[in-house]
Amino acid sequence: MMEDISSHIMDIVMNSVTAEAKHISVVIEKDPRTSILGLTIADDGVGMDSETAQKVQDPFFSTKTGRKVGLGIPLLKGTAETTGGSFELTSARGAGTTIRATFDSRHPDLPPMGNVRDTFFVLIVSHPDVDFNFHYFVDGKNFTLDTGELKRELDGVPVNHPEVISFLSKYLDEHL
Ligand SMILES: Nc1ncnc2c1ncn2[C@@H]1O[C@H](COP(=O)(O)OP(=O)(O)O)[C@@H](O)[C@H]1O
Ligand SMILES: [Mg+2]
C-alpha cells in the first residue's frame, strides 16, 4: 500500500502526463453524510484499448508477461478495495482515461491524505503545458483551481515563471 492518498494521486496523474494528456482533472471529494471519500482523475491522453485497460488493473500482469508495467493502478485499486471502497477505470483509445476510486474514510486502514498542496504545486510547475483542473472538497475545505483559466489570465507568461510560482505557492498555502 502507498503511504498516503497524495502519492496515489501523483502516480495516477503522472500516468496521464505520460499518456500525453493536455487536460487533466483531479476531483477529491468527501461526502460529509456518508464519509465516503471519492477520487476521480480524468485525462484526454492516448487512452487504452479495453484489453489493456483490464490488464493494467491486474497486479500479476507485469510479472507474468515480463513486461515493464508498474503497480500504480493495482495499488490504488487495492487501497480502495481494502477500505471498503470501489475502483473503476474507463478508457478508450484516442479519447482518454478516467479513473474513479472511493474509500470509506472511517476505515482504519485508510492511509492519510498526505500533502495535497505539494502534490498540486509540483504537478503544475513541472508540467506547464498541461491544463489542470483541481477540486478539493474535504472536511470543510473547498478548493478549486483551473490552470487553463489561470494561463488565459497570464496571457503568455508561463505558469513556471518565478513570479507566478511564488503566487501559486502562496495561493495554495492560503487555500489548502
Ligand atoms: N491515463 C492513462 N492513459 C493511458 N495509458 C495509461 C494511463 N494510465 C496507465 N496507463 C497504462 O497502464 C500502465 C500501468 O500503469 P501503472 O500501474 O501506473 O504503472 P506504470 O505507470 O509504472 O507503468 C502504464 O504503463 C500505461 O501503459
Ligand atoms: Mg504509474
For the chain, which longest stretch is free of loop sites, where a loop site is one of the trypsin sites (Lys or Arg not before Pro) that DSSP puts outside H, G, I, E and B and that has at most 16 other Cβ atoms within 10 Å?
107-176
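Helix-derived [θ] at 222 nm for the chain: sum -39500 (n - 2.57) over DSSP H runs of at least 4, divide by residue count, nearest 500? Before the final figure, lay out each step's value.
Details: 7 runs with 69 residues, N = 176.
Here the helix-only value at 222 nm equals -11500 deg cm²/dmol.
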Cross-link pairs K77/K170; K55/K151; K77/K151; K22/K77 - those with Cα-Cα distance over 31 Å:
K77/K170; K55/K151; K77/K151
Normalised by the residues of the chain, what does the relative contact order come to in percent, with Cα pairs under 8 Å and at least six apart?
26 percent
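What do you get when you divide the Cα radius of gyration of region 5-175 by 2.2 N^0.38 Å, with N the number of residues?
Compactness ratio reported: 1.07.
Laboratory data are not the source of any read-out in this text; all were calculated from the coordinates shown. None of the values given here were measured: they were computed from a predicted structure. Reconstructed Cβ throughout: ideal geometry from the backbone, glycine too, with neighbour counts over all protein chains shown.
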